[in-house]
Amino acid sequence: MTSEPEDADRRTYSYLGPAGTFTEAALAQVPEARGQQWRPVRNVGEALADVVEGRSNGAVIAIENSVDGGVSTAQDALATIPGIRIVGEYLVPVDFVLVARPGTKLEDVSLVAAHPVAYAQCLQWLTTNLPAHAHIPAASNVASAVGLLDGTSDADAAIAPPGILDHHQVELLAEKIGDNANAVTRFVQVSRPVTPPPPTGADKTSLIVELPDDHPGALLEMLEQFATRGINLSLLASRPIGDELGRYRFVIDADGHIEDERMADALLGLRRSSPKVIFLGSYPRADRAIVRYPDRYSDDVFIEARDWLRGLISGEPES
């Protein structure tokens, strides 16, 4: 059973809340979401359920981090929740600030609240600047800071996203405390199934593919569907299917669009050889980098080969 979004005159977008998260920063990049209703949720599954069940027109979820790799909870949700399409992607630089209750100074800090992932990404800075500190794990990056203000945390300071400063009256003790200045998280915008956005030349296609069975070379056979058509894979991650030990599905990002002849041909090959292929979507790359490939894999080559075969079947003389 589905329901309409909260306000029929405005579109609703779900994101991992509360306000101030990196996901909110990604949603702020979505042009059609500006000026619309933003619905904070507690987890990825809730965000996708909002879309499938009609409470939201779309959602933004984290899918990959340059430091920690793929976000397994998002990958598993996309594999098991039907009725979802990726229609865009956005990149958010991952950096952190150290905040505290108003009036706190850096030298007052001995207990630091932080989500374990954020803590690991700031450990070098903390070791240098607060060598005697102790860590209190927090449920989320924003919760680590909110707990300081509502009295639920015993910490003296918290590691949080920079967006926390726009929503809460906290003392900024330090900024840019992340150990990796190039850290970035990739977010995807999802909706219910729609026609993919038209090709731009700088596109990406996301899939989830299961192998037909466990035999020597099974993964190679799947990868050859892309390699023999000149398609580069920018992401290949395995996730357990969960029905028995040793069974995996593969999360794939391939350079190109479903309307590209070579990509369409590869998808047909996957469909013939795999028991389950989930098409997640074709959409513009966040970096807008044009996809380059050799001339022998151009659309014209695939079209000419198909026309040649049709001519043979129809009895046309070869030119």
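Quick notes on this structure:
- Under 15 Å of direct C-alpha separation, and excluding same-chain neighbours fewer than eight residues apart, residue 204 reaches these aspartates and glutamates: 64, 89, 253, 255, 259, 260, 261, 287.
- The range 222-319: relative contact order in percent, alpha carbon pairs under 8 Å with at least 6 residues between: 25 percent
- A crude spin-label estimate for the pair residue 133 and residue 37, with each label 7 Å from Cα along the Cβ direction, gives 3.9 nm.
- Principal-axis tilt of helix 261-273 within the chain, Cα atoms, nearest 10 degrees: 90 degrees
- Fully extending the segment from residue 19 to residue 52 would add 9.6 nm, taking 0.36 nm per residue of separation and subtracting the current Cα-Cα distance.
- With the cut-off at under 18 Å, measuring from each backbone N in the range 192-212 to a point 7 Å along the Cα-to-Cβ line of residue 300 picks out 201.
- Residues of the range 183-198 with an amide N closer than 15 Å to a point placed 7 Å from the Cα of residue 81 along the Cα-to-Cβ direction: 188-193.
- For the chain, Kirkwood radius (reciprocal of mean inverse C-alpha pair distance, Å): 22.0 Å
- Packing-based order for 15-24, 83-92, using average beta carbon neighbours within 10 Å, highest first: 15-24, 83-92
- Contact order normalised by residue count of the range 110-255, Cα under 8 Å, 6+ apart, percent: 19 percent
- Charge dipole of the chain about the Cα centre (unit charges at C-beta), most positive-ward option of 60, 187, 225: 60
- Relative contact order (percent, whole number), the chain, Cα cutoff 8 Å, 6+ residue spacing: 19 percent
- At a probe radius of 1.4 angstrom, the accessible area of the range 240-319 per residue rounds to 64 square angstrom.
- In this rough spin-label picture, where each label sits 7 Å from Cα along the Cβ direction, the residue 218-residue 11 distance is 4.0 nm.
- With all protein chains in place and a 1.4 Å probe, the accessible surface of the chain carries 53 percent carbon and sulfur.
- Residue among 266, 302, 197 farthest towards the positive dipole end of the chain, charges placed on Cβ: 197
- Among 137-144, 56-63, sorting by the average number of other beta carbon atoms lying within 10 angstrom of each residue, highest first, gives 56-63, 137-144.
- Per-pair calculated FRET efficiency, R0 = 51 Å: residue 228 and residue 110 via Cβ, rounded to 0.05: 0.30
- Proximal aspartates and glutamates to residue 176, defined as alpha-carbon separation beneath 20 angstrom and excluding residues fewer than eight positions away on the same chain: 24, 68, 95, 107, 108, 156, 166
- Rough spin-label spacing in nm, given labels placed 7 Å along Cα→Cβ, for residue 73 and residue 175: 2.8 nm
- Between 0 and 90°, nearest 10: helix 141-150 axis offset from the chain longest Cα axis: 20 degrees
- Using a probe of 1.4 angstrom and keeping all protein chains present, the accessible surface of the range 118-171 works out to 48 square angstrom per residue.
- Potential lengthening of the chain between residue 200 and residue 152 amounts to 12.4 nm, from the contour at 0.36 nm per residue minus the alpha-carbon distance.
- Placing +1 on each Lys and Arg Cβ and -1 on each Asp and Glu Cβ, with no other charges, gives the chain a dipole about its Cα centre of roughly 160 debye.
The values are calculated or read from the model by the stated rules, or taken from the named source; none is laboratory data. If you're wondering where the values come from, they're calculated on a predicted model, not measured in any experiment. Virtual Cβ from ideal backbone geometry, glycine too; neighbours counted across all protein chains shown. Just the protein is used for accessible areas: all its heavy atoms, side chains included, with ligands, DNA and RNA removed. Shrake-Rupley method; radii C 1.70, N 1.55, O 1.52, S 1.80 Å.
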